[in-house]
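*Asks:* This is the structure I want to talk about, given as structure tokens.
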Amino acid sequence: MRYIVMFFFVCSTIAAYAQELFVVTEPASNVPAGSLSVRVGQSLIKNDIKDNYIYGLSPEVTWGINKSLMVRASSYFDNATNGMNLAGASAYAKYRFYSVDDLQSHFRMAAFGRYSWNKSAIHQESIDLMGKNSGFEVGLVATQLIKKLALSSNVSYGRALDNDGNDFPELYGRDAINYTFSAGRLMHPNRYKSYKQTNINAMIELVGQTITKNGRSYMDIVPAVQFIINSQARIDVAYQKELYGSVHRPIKGGVFLKLEYTFFNVTN
């Protein structure tokens with residue numbers, strides 16, 4: 001009887017973890033303690049200025065220090081200039097400070113911060129600390145899981161600094177408020193029989209920003225599908241499109257593919 005109870009507990013834990021792995025936003029939950037996660041993100045986005053497509057590559061490594069704290073190192077490459085070049089890098093940390101767990105639901109809150117370095121020329125008014133701008137960001141995120149449905153939202157303050165070799169334009173506002181809302185649902189399997197079953201999650205995310213200097217803003221929508229294989233490998237496919245915007249952005253959306261693999265109990 002004890003092993004049967006343990007089996008269903010493990011399955012419910014896997015289901016909860018799978019539903020909270022959003023594509024373009026971070027939930028309040030962390031990667032498992034002692035684990036190392038390796039991710040490679042790829043994007044193909046339209047550049048309205050040059051009327052061409054830019055391919056982006058972003059390798060990342062995430063370490064779950066303990067159940068409350070995780071850190072991540074990311075780098076950003078693109079072919080915006082001649083060939084593939086390193087555009088920037090960032091360091092990210094998230095601390096989960098509140099958690100209420102139930103049998104088939106939980107609520108969690110976390111604080112996060114990011115510091116980014118970038119050397120790209122600045123062509124957009126929007127502030128993007130994951131590949132376009134140097135700067136920092138601090139914020140809060142809350143995530144609610146109810147059976148097969150996960151809801152998550154965050155709000156953050158970001159400030160752009162001068163890029164390496166490229167000054168931030170004086171006409172643009174350096175400060176921004178970022179906000180997101182994400183919803184994901186486990187679509188398959190309907191019932192867990194083994195942790196080796198492939199999970200299929202469907203989700204939709206809203207990603208917005210307001211520049212505090214002039215009040216200009218934008219909102220993007222990101223529908224996505226996600227596959228979790230053997231509870232360790234992850235494949236994300238997403239499409240991002242602007243819903244509305246008054247902020248100057250030559251790049252307003254594209255397609256994304258993310259591949260990730262988690263190594264458990266590496267540092268325990």
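The values are calculated or read from the model by the stated rules, or taken from the named source; none is laboratory data. Computed from a prediction, not measured in an experiment: that's the story for all the values here. Cβ coordinates were reconstructed from backbone atoms using ideal geometry, including for glycine residues, and neighbour counts include every protein chain displayed. When the accessible area is computed, the model is the full protein with side chains, heavy atoms only, and any ligands, DNA or RNA have been set aside. Shrake-Rupley method; radii C 1.70, N 1.55, O 1.52, S 1.80 Å.
*Asks:* How many residues are open to solvent by 50 Å² or more (accessible area, probe 1.4 Å), at pLDDT below 95 and assigned to a loop (DSSP other than H, G, I, E, B) when one looks only at region 166-196?
*Replies:* 7
*Asks:* Does region 128-165 hold any residues that are open to solvent by less than 30 Å² (accessible area, probe 1.4 Å) and more than 16 Å from the chain's Cα centre (by Cα), and which are they?
*Replies:* Listed by number, the residues that qualify are ASN133, SER134, GLY135, LEU145, ALA160, ASN163.
*Asks:* Of all residues in region 234-252, how many are assigned to a strand (DSSP E or B), surrounded by fewer than 16 Cβ atoms within 10 Å (Cβ to Cβ) and either touching a residue at least 40 places away in the same chain (Cβ under 8 Å) or among the hydrophobic types (A, V, I, L, M, F, W, C) (or both)?
*Replies:* The qualifying residues number 3.
*Asks:* Yes or no: GLU60 touching a His at 6+ places or on another chain (Cβ under 9 Å), under 29 Å from HIS248 (Cα atoms) and not aliphatic (A, V, I, L, M)?
*Replies:* No, not satisfied.
*Asks:* When you scan region 260-267, do you find a residue that is among the hydroxyl-bearing types (Ser, Thr, Tyr), surrounded by fewer than 16 Cβ atoms within 10 Å (Cβ to Cβ) and part of a strand (DSSP E or B), even just one?
*Replies:* Yes.
*Asks:* Among the residues of region 92-106, which ones are open to solvent by 60 Å² or more (accessible area, probe 1.4 Å) and touching a strand residue (DSSP E or B) at 6+ places or on another chain (Cβ under 8 Å)?
*Replies:* The answer is TYR95, PHE97, TYR98, VAL100, GLN104.
*Asks:* Please specify each residue of region 153-192 satisfying the condition of being among the basic types (Lys, Arg) and without any contact (Cβ under 8 Å) to a residue 12 or more places away in the chain.
*Replies:* Passing the criteria: only ARG191.
*Asks:* What are the residues in region 199-227 that are open to solvent by less than 10 Å² (accessible area, probe 1.4 Å) and touching a Leu at 6+ places or on another chain (Cβ under 8 Å), if any?
*Replies:* Within region 199-227, ASN199, ASN201, ASP220, VAL222, GLN226 meet the criteria.
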